[in-house]
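Take a look at the structure below.
The values are calculated or read from the model by the stated rules, or taken from the named source; none is laboratory data. All figures in this text were calculated on a predicted structure; none of them were measured in a lab. Ideal geometry is used to build each Cβ from the backbone, glycine not excepted, and the neighbour counts take in all protein chains shown.
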Amino acid sequence: MTLPRAWIIEDDPKLAFIFAEALRAAQFETETVQDGRAARELLSGPPPALVILDLHLPYLSGKDLLYFIRGDKRFAQTRIMLTTADTILAESLREEADLVLLKPISPAQLRDLAQRLRPFDLNLE
Amino acid sequence: MQWQFTPYIIPLVVAAISSMALTLYAWQRRHTTPAATSFALLMLAVTEWSIGYALELGSTDLATMLFWARIEYLGIVTVPIAWLVFAVQFSNQDRWLTRRNLVLLAIIPVITLFLAWTNEAHSLVWTYLGIDSSGPFSALVTHHGMWFWVHSAFSYICLLGGTILLVRIALNFPDLYRWQAGLMLLAVLAPWISNGLYLSGLRLIPNFDSTPFAFTLTGLAAGWNLFRFRFLDVVPVARRAIVEGMPDGVIVLDGQNRIVDFNPAAQQIIGQPAAAIMGQLAGHVFALRADLVERYRDVLEASSEIMLGEGEARRYFDLRISPLYDRHHHLSGRLIILRDVTKRKQAEAALRQSEQHFRQVVASISDHIYMTEVTATGQHLNLYLSPHIEMLSGYPLAKFIDDWSFWPMVMIHPDDRAMAAEQAARLASGQNSQLEYRLVRANGEIIWVRDSGRAEPDPVRQRILIYGVVSDITERKRTEVELALAHDQALEASRLKTELLARVSHELRTPLGAILGFAELLEFGIYGSLSKAQKTAVDEIIDSTHNLTNLVNDLLDQAKLDANKLDLNLTSFTPDDLLNSVLHKMEVLANNKGLSLTTHITADLPAVLTGDLNRLQQILVNLISNAIKFTQSGTIQVCLHRPDAAHWTVQVIDTGIGIPQEAQAHLFEPFMQVDGSITREQAGTGLGLSIVKQLTHLMEGEVSLKSEDGHGSTFTVLLPLQPLQEEIL
């Protein structure tokens, strides 16, 4: 059984770890990168089911990555959850993402939300 | 008694009739024409003389002739003195006509008359009386006695005195009256010519004395002047009226400094009876002011101000002395005119006093006051500059008085001159203007002033008067700058605070995420199953993290509200949209405390509302969590109402401990807690209600509280009903 894949793009390793644990609990296979450049490289691979995207990243901002992903048809099925500590930025990108989570993020809440976003077909697998 | 007729009677009859007519004519006008009475007397005497003479000529016997001659003497002795009195009156020398003088004048004529009638006893008038029939008629021939010459001499003196007065008047007539003057001279000289002829013996007609006839001519000519031309009454009356009625004192001094004439005003100034003044030496009359007498003793022409009297009675006079010359341009005396200028002096003193007050007022205020005239040609002239300009500028007043441009071109700071020139132009065009500019003082110091000018056009003199006040506002300016700086600093501090809060809250969120995350991971059992105590500890960590997160959120909101950076995001929503997610979240908390949370929506509430849904939810969350915190048992009710057509309300009603009256006023202020003792248990950020209030105000609403200590609280948020937001959506 192949689990749906989730990318965790988060520069804080502790939070990345916590998100990974939460998503694992929601039956996702996770891949974590800690900066924008590494995230850019991921984009050439197969599209994931879910992206947890921190907006504040080194090298390439989360916002740019968001537009990049949204602009690529291959990622049409990919759900994006933005995580940020910046309320104003969070507000402005509410329409672009599937969900915007304001830090601090409860892993339990993340787990529940991720479960809701799991692709139905994959859920069956 | 026999009568003869001779044609020489005819002119005498004519003379008698003429003079009688003049007598009556003058008598009728005695009240309107001065000198008319004496003129009437003169003419009556001439009439009497003429009639007597006519009857004398008509008589043939000596006794009858003598009788009429004696009758004639009544006229003969009266004519000279009547003549003199007329001349005196006519030349406005009435004051000589005192009763005493008149009695003195009458002495010789009365004696003459008496002697004429008693001649037989003494022959003092006539030494010989006879009839001469050699001529065309029988005439009385007389040789004159000693008294006759006394009488003649007296008569001629009177005649001469009167003649001199009248000739002087005639010569002084204005050119306009030359004709009348000639007539006047003729009238005056006729008796002289006639009488001269009679006395010299060069008689045209033997034994005929033409004197009465001559006086008739005089009467006709004088009467013509007196009544026909009316100038005799107008001019002298006018002159007399002017001099007599003049408020100025007029005094005439002769060559020996005797007072020979004066008017009532002069008498009043001197303050002595007329008799004590007339003919007296000026030095005697003005004995009290010997200094003045001495000073002006030989001064022919002067004009100065003198002071007479003491204390309350002190008066000031304009003294004018001018020389008087007779017809031959010989100095004959001096004319003194005293004009009372006390009132003017008092007015001047009052003016000086008033100006003194004005100066004191000006000196006592710290502002500089000026008055400038702008002429029709645009030239500026300083009319007044208050001395305060010296303190203001550090330059002497004289610098400014002579040169208007010193202020705009030297005093005013070079950078402000253009601006000040515009103000000057505005004022010069008649508009009021106020300007604040800098001055460079003499010592180089720069001060700020406010120049307030009021322009007053003076169309009559085609100029504009500018009244201005220049106030030193340096201190105020300094304060303003300091205030502005303080304001900027306060704004900057506020901005920094907001920025700091935003940054701190941002930076807090990441570690909070780690704390919350790991605590929850512990709870998941990722690190093994937890004992009950461990689970409680983890729950406390999670709970505290939520509280801290709430504090961070509230602080951030408060900072945004302080910086006016919180914008409302208006959308349309249903009451359910508003309530459901909030209730879902809050029910758990309420239930944990054993409280029931109910909602009530009235039917008149619109199905769709407009507003910032997130912020309204935030308000609701804050109010409900507040209610949960302070309620131990019972219910919390959330009600949505529509109190009137234009408003809707959100009410949160609890059955909690209530809020004491004295605490209610400050409840909506940041970091206020009703009672320190309960804050630990019901810990909050202290910002919740403050944020509710500020958000409500932002939504143009009002939040109110109704509460009684121990009997629960009702928070009501009253909001305007906004139009639907479809166009925004």
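Only a single criterion out of (1) modelled with pLDDT under 85; (2) of a type in the set (A, V, I, L, M, F, W, C); (3) in a helix (DSSP H, G or I) is not satisfied by B:LEU42, namely (1). I'm told B:ASN92 meets every condition in (1) on the phi > 0 side of the Ramachandran plot; (2) touching a Leu at 6+ places or on another chain (Cβ under 7 Å) except one. Can you identify the failing condition by its number? Answer for B:ASN92: the failing condition is (2). Scanning region B:520-543 for residues that are surrounded by 15 or more Cβ atoms within 10 Å (Cβ to Cβ) and more than 9 Å from chain A (Cβ to nearest Cβ) returns B:LEU522, B:LEU530, B:VAL538, B:ILE541. Exactly one of (1) out of contact with any strand residue (DSSP E or B) (no Cβ under 8 Å at 6 or more places or on another chain); (2) touching a residue at least 12 places away in the same chain (Cβ under 8 Å) is unmet by B:LEU288. Its number? B:LEU288 satisfies all of (1) out of contact with any strand residue (DSSP E or B) (no Cβ under 8 Å at 6 or more places or on another chain); (2) touching a residue at least 12 places away in the same chain (Cβ under 8 Å) except (2). From B:LYS693, B:LYS706, grab the single residue that is out of contact with any Gly (no Cβ under 7 Å at 6 or more places or on another chain), among the charged types (D, E, K, R), modelled with pLDDT of 85 or more and surrounded by 20 or more Cβ atoms within 10 Å (Cβ to Cβ). After applying the criteria, what remains is B:LYS693. Within region B:637-681, the set of residues being modelled with pLDDT under 85, among the polar types (S, T, N, Q) and not in a loop (DSSP other than H, G, I, E, B) comprises B:GLN661, B:GLN664, B:SER677.
Within region B:1-32, the set of residues being surrounded by 14 or more Cβ atoms within 10 Å (Cβ to Cβ) and under 60 Å from the mean Cα position of the chain (by Cα) comprises B:TYR25, B:ALA26, B:TRP27, B:ARG29, B:ARG30. Is one or more of the residues making up region A:116-124 under 23 Å from B:ARG509 (Cβ atoms) and either within 12 Å of chain B (Cβ to nearest Cβ) or not in a loop (DSSP other than H, G, I, E, B) (or both)? Within region A:116-124 (the criterion being under 23 Å from B:ARG509 (Cβ atoms) and either within 12 Å of chain B (Cβ to nearest Cβ) or not in a loop (DSSP other than H, G, I, E, B) (or both)), the answer is yes, since at least one residue qualifies. Looking at region B:244-354, the strands (runs of 3 or more DSSP E) lying wholly inside it that each contain 2 or more residues that are within 30 Å of B:THR98 (Cβ to Cβ) and at pLDDT 85 or above sit at B:249-254, B:259-262, B:315-325, B:331-340.
Tell me the residue from B:ALA424, B:ALA455, B:ALA442 that is under 23 Å from the mean Cα position of the chain (by Cα) and not hydroxyl-bearing (Ser, Thr, Tyr), please.
B:ALA455
Condition check for B:LEU589 on (1) in a loop (DSSP other than H, G, I, E, B); (2) more than 9 Å from chain A (Cβ to nearest Cβ): one failure, at (1).
Residue by residue, here is whether (1) in a strand (DSSP E or B); (2) buried (at least 16 other Cβ atoms within 10 Å of the Cβ); (3) among the hydroxyl-bearing types (Ser, Thr, Tyr) holds:
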| residue | (1), (2), (3) |
| --- | --- |
| B:VAL110 | no, no, no |
| B:ALA116 | no, yes, no |
| B:HIS143 | yes, no, no |
| B:TRP149 | no, no, no |
| B:LEU159 | no, yes, no |
| B:LEU165 | no, yes, no |
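Got at least one residue in region B:493-506 being more than 14 Å from every other protein chain (Cβ to nearest Cβ) and either in contact with a helix residue (DSSP H, G or I) (Cβ under 6 Å, 6 or more places away or on another chain) or small (Gly, Ala, Ser) (or both)? Scanning region B:493-506 turns up at least one residue that is more than 14 Å from every other protein chain (Cβ to nearest Cβ) and either in contact with a helix residue (DSSP H, G or I) (Cβ under 6 Å, 6 or more places away or on another chain) or small (Gly, Ala, Ser) (or both).
The conditions of being within 12 Å of chain A (Cβ to nearest Cβ) and among the charged types (D, E, K, R) are met by B:ARG509. The condition of being in contact with a Gly (Cβ under 6 Å, 6 or more places away or on another chain), polar (S, T, N, Q) and closer than 18 Å to B:PHE86 by Cα holds for only one of B:SER38, B:SER19, that being B:SER19.
Can you name the residue in region A:17-30 that is touching a residue at least 24 places away in the same chain (Cβ under 8 Å) and surrounded by fewer than 24 Cβ atoms within 10 Å (Cβ to Cβ) and is also farthest from the other protein chains (Cβ to nearest Cβ) among such residues? Only one residue fits best here, namely A:GLU29. The number of residues in region B:392-439 being in contact with a His (Cβ under 9 Å, 6 or more places away or on another chain), aromatic (Phe, Trp, Tyr) and at pLDDT 90 or above comes to 1.
Selection of region B:363-379 for residues being out of contact with any strand residue (DSSP E or B) (no Cβ under 9 Å at 6 or more places or on another chain) and free of Cβ contacts under 8 Å to residues at least 24 places away in the same chain yields B:SER364, B:THR377.
Exactly one condition in (1) β-branched (Val, Ile, Thr); (2) closer than 22 Å to B:THR216 by Cβ; (3) part of a strand (DSSP E or B) is false for B:ILE169; which is it? Going through (1) β-branched (Val, Ile, Thr); (2) closer than 22 Å to B:THR216 by Cβ; (3) part of a strand (DSSP E or B) one by one, B:ILE169 breaks only (3).
The condition (being within 14 Å of chain B (Cβ to nearest Cβ) and surrounded by 16 or more Cβ atoms within 10 Å (Cβ to Cβ)) is satisfied by just one residue among A:LYS103, A:LYS63: A:LYS103. Residue by residue through region B:118-139, note down the ones that are outside any helix (DSSP H, G or I), crowded, with 19+ Cβ neighbours inside 10 Å and modelled with pLDDT of 80 or more. Answer for region B:118-139, where residues must be outside any helix (DSSP H, G or I), crowded, with 19+ Cβ neighbours inside 10 Å and modelled with pLDDT of 80 or more: B:LEU124, B:VAL125, B:TRP126. In region B:413-476, counting only strands (runs of 3 or more DSSP E) that sit wholly within it, the ones holding 3 or more residues that are of a type in the set (Gly, Ala, Ser) span B:446-458.
On inspection, A:ALA108 qualifies as at pLDDT 85 or above, within 14 Å of chain B (Cβ to nearest Cβ) and surrounded by fewer than 20 Cβ atoms within 10 Å (Cβ to Cβ).
Note on region B:47-80: among residues that are among the small types (Gly, Ala, Ser) and within 23 Å of B:LEU189 (Cα to Cα), the one that is surrounded by the most Cβ atoms within 10 Å (Cβ to Cβ) is B:SER50. Checking A:GLU91, A:GLU96 one by one, the residue that is closer than 28 Å to B:ALA559 by Cβ, at pLDDT below 85 and either part of a helix (DSSP H, G or I) or within 14 Å of chain B (Cβ to nearest Cβ) (or both) is A:GLU91 and no other.
In region A:40-51 there is no residue matching the filter, namely being over 19 Å from A:THR84 (Cβ atoms), in contact with a strand residue (DSSP E or B) (Cβ under 9 Å, 6 or more places away or on another chain), within 14 Å of chain B (Cβ to nearest Cβ) and not hydroxyl-bearing (Ser, Thr, Tyr).
Determine which member of the set B:LEU548, B:LEU566 is within 9 Å of chain A (Cβ to nearest Cβ) and hydrophobic (A, V, I, L, M, F, W, C).
Within the list B:LEU548, B:LEU566, the selection yields B:LEU548.
Selection of region A:4-16 for residues being crowded, with 17+ Cβ neighbours inside 10 Å and either more than 14 Å from chain B (Cβ to nearest Cβ) or touching a helix residue (DSSP H, G or I) at 6+ places or on another chain (Cβ under 8 Å) (or both) yields A:PRO4, A:ARG5, A:ALA6, A:TRP7, A:ILE8, A:ILE9, A:GLU10, A:ASP12, A:LEU15.
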